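Encoded as structure tokens, the structure appears first; notes follow it.
Please treat every number below as a calculation from the coordinates, not as lab data. Computed from a prediction, not measured in an experiment: that's the story for all the values here. We place every Cβ from the backbone using ideal geometry, glycine too, and count neighbours over all the protein chains shown.
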């Protein structure tokens, strides 16, 4: 019985932390996230292939291991390095994207506040600055 209550407690804590995390992060466009993911994958793949080739050449030239072992070690090193590089690149790309989105959001809010403070009508004269022409239409007919 205690294990089920622990599981439910862990699920409640996880859902609360997910809700907090969602509030902290701005909404990102799907196209931007996809482009960031693609860039991170390309960089991670290039780094993984390079790392695998270098490790394979170093191990093969050392003469301590056979050629097959050097190829296998190069593949393993390249795969692990590429995976880690992809994850790190994706995290940095998404952080950069979030910062840009926050900056744009703050800018738009400040523009909205400025626009809200301005008068959207032509003010009158002779003490009638607060008078609005409620009879005006978009065609100009009165």
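How many percent of the alpha carbon pairs in region 38-114 exceed a separation of 15 Å?
For region 38-114, the fraction of Cα-Cα distances above 15 Å is 65 percent.
Modelling each spin label as a point 7 Å along the Cα-to-Cβ direction, I'd like the residue 33/residue 87 distance in nm, to one decimal.
Reported label-point gap for residue 33 and residue 87 is 1.9 nm.
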